[in-house]
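**Q** Take a look at this one; I'll ask things after.
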Amino acid sequence: HGDVKADKLIVGANQFFEGAKVLMIDDVISSGKSKYDAYEKLSKIAKFELVAILVAIDRQEAGGDDKAKTDSATDEVYAKLGCHVYSIANMGDLYLAISANINNEQAKSWKNYFAKWGSSAARAWAVE
């Protein structure tokens with residue numbers, strides 16, 4: 001239903017209009033790539049203002065674009081798209097919630113991963 005050509009890009013694209021204010025909602029942010037892809041697809045339909053991105057979980061990954069010179073994927077999204085990323089929880093929150101119920105090896109694995117690949121916020125809890 002709607003504009004079949006536009007719907008091939010994004011389902012419900014016929015509801016999208018010039019000048020719309022958009023809140024992008026997703027389950028998780030890791031590198032931010034899917035957010036850039038969605039932004040690109042929406043940009044092909046109409047000019048719009050991306051007011052924010054809301055995710056359930058911020059994985060607190062380090063930024064991957066050396067040109068952006070950012071600390072985290074969420075900072076990189078802000079630098080590239082000009083909008084903030086808000087999360088309901090982040091990996092530090094999840095670690096705190098489960099840490100009493102995992103063994104030392106699992107805890108060490110989590111902390112080693114985020115000490116190496118995490119943003120500065122993730123490294124702060126990973127190295128404590």
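**Q** If the requirement is being at pLDDT 95 or above and over 16 Å from the mean Cα position of the chain (by Cα), which of these qualifies: Gln106, Gln60? Full working, then the answer.
**A** On the way: Gln60 fails: over 16 Å from the mean Cα position of the chain (by Cα).
Answer to the check: Gln106.
**Q** If the requirement is being under 30 Å from Gly12 (Cα atoms) and out of contact with any Phe, Trp or Tyr (no Cβ under 6 Å at 6 or more places or on another chain), which of these qualifies: Ala38, Ala121? Spell out the reasoning first.
**A** Details: Ala121 fails: under 30 Å from Gly12 (Cα atoms).
None of the other options fit; the residue is Ala38.
**Q** Right, next: Given (1) of a type in the set (Asp, Glu); (2) assigned to a helix (DSSP H, G or I); (3) touching a Ser or Thr at 6+ places or on another chain (Cβ under 9 Å), identify the lone condition not met by Asp26.
**A** (2)
**Q** If a residue must be open to solvent by 80 Å² or more (accessible area, probe 1.4 Å), closer than 17 Å to Val28 by Cβ and not hydrophobic (A, V, I, L, M, F, W, C), how many such residues does the range 79-106 contain?
**A** Residues that pass the stated criteria total 2.
The values are calculated or read from the model by the stated rules, or taken from the named source; none is laboratory data. Being a predicted model, the structure only gives us computed values, none of them experimental. Note: ideal-geometry Cβ built from the backbone for every residue, glycine included; neighbour counts use all protein chains shown. To get the accessible areas, we keep the full protein, side chains included, count just its heavy atoms, and leave off ligands, DNA and RNA. Shrake-Rupley method; radii C 1.70, N 1.55, O 1.52, S 1.80 Å.
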